[in-house]
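For reference, the structure discussed in these notes is given below.
Throughout, read-outs are computed from the coordinates displayed, never taken from laboratory work. Model, not experiment: these values are computed from the prediction. Positions of Cβ are generated from backbone atoms using ideal geometry, with glycine treated the same way; all protein chains shown enter the neighbour counts.
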Amino acid sequence: MKITEEPVEDILVFTISGNLDSDTINDATVQMNAWLERGWTQFVGDLRNLQYITSAGLLLLFTLGKKAAEGGGGLCLCNVRDQVEHVFDVCGLPDKIPVADSREQAMRTVRG
């Protein structure tokens with residue numbers, strides 16, 4: 001798993017590549033907590049390169065979205081692959097975190 005980040009004005013856009021699972025969740029948690037500690041509250045998660053996600057990964061994204069909202073911001077995911085989107089749908093994640101078709105649409109969603 002690799003997570004890259006790109007600040008775009010007031011939004012931190014991150015891309016996850018590979019798998020977000022029990023083998024990678026600790027590293028991802030540390031990185032996402034660091035963003036919150038640095039004061040970021042608006043996030044776009046570009047998941048075009050995410051191959052696989054487990055319940056631990058879903059919980060991490062949900063927690064990031066919740067903490068962002070508590071800070072007055074939000075999280076929107078975009079470019080979700082079909083197999084990952086199926087997991088999101090089964091678990092009801094889109095009811096809790098918005099999912100957009102493109103990065104631009106996700107940035108508009110986060111900004112409100």
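When the helices of the chain are scored as -39500 (n - 2.57) per DSSP H run of n ≥ 4 and the total is divided over every residue, the value at 222 nm lands at -13500 deg cm²/dmol. Here the translational diffusion coefficient of the range 2-111 follows from Stokes-Einstein with Rh set to the Kirkwood radius across Cα pairs; for 25 °C and 0.890 mPa s it amounts to 181 µm²/s. Each residue of the range 35-41 was assigned a 3J(HN,Hα) from its phi angle through the Karplus curve 6.51 cos²θ - 1.76 cosθ + 1.60 (θ = phi - 60°); the sequence is 4, 5, 5, 7, x, 5, 10 Hz, with glycine and proline shown as x. Database remark: amide H of Leu75 closer than 5 angstrom to the amide H of Phe43 (H placed geometrically; neighbours at sequence offset of 5 or more, or on other chains; Pro and chain starts carry no H). Here the spin labels are modelled as points 7 Å beyond Cα on the Cα-Cβ line, and at Asp82 and Arg38 they lie 3.6 nm apart. Here the relative contact order of the range 17-66, from alpha carbon pairs under 8 Å that lie six or more residues apart, stands at 64 percent. Express as a percent, rounded to the nearest 5, the fraction of DSSP beta bridges in the chain (both residues included) that run antiparallel. Around 35 percent of the beta bridges assigned by DSSP in the chain are antiparallel ones.
Computed from the Cβ-Cβ distance with R0 of 30 Å, the FRET efficiency linking Ala69 to Asn26 stands at 0.80. Our summary gives the chain a relative contact order of 25 percent, counting only alpha carbon pairs under 8 angstrom and 6 or more residues apart. Among Val99, Val13, Val84, the largest mean-square fluctuation in a Gaussian network model of the chain (Cα springs under 10 Å) belongs to Val84.
Taking a ≥ b ≥ c as the square roots of the eigenvalues of the Cα gyration tensor of the range 49-112, is the shape rounded (a/c under 1.5), prolate (a/b larger than b/c) or oblate? The shape class here is oblate.
Here Thr4 and Ser55 are evaluated by their C-beta separation; at R0 = 35 Å the FRET efficiency comes out at 0.90. Once the chain from Arg48 to Glu104 is taken as fully extended at 0.36 nm per residue, the excess over their C-alpha distance is 18.8 nm.
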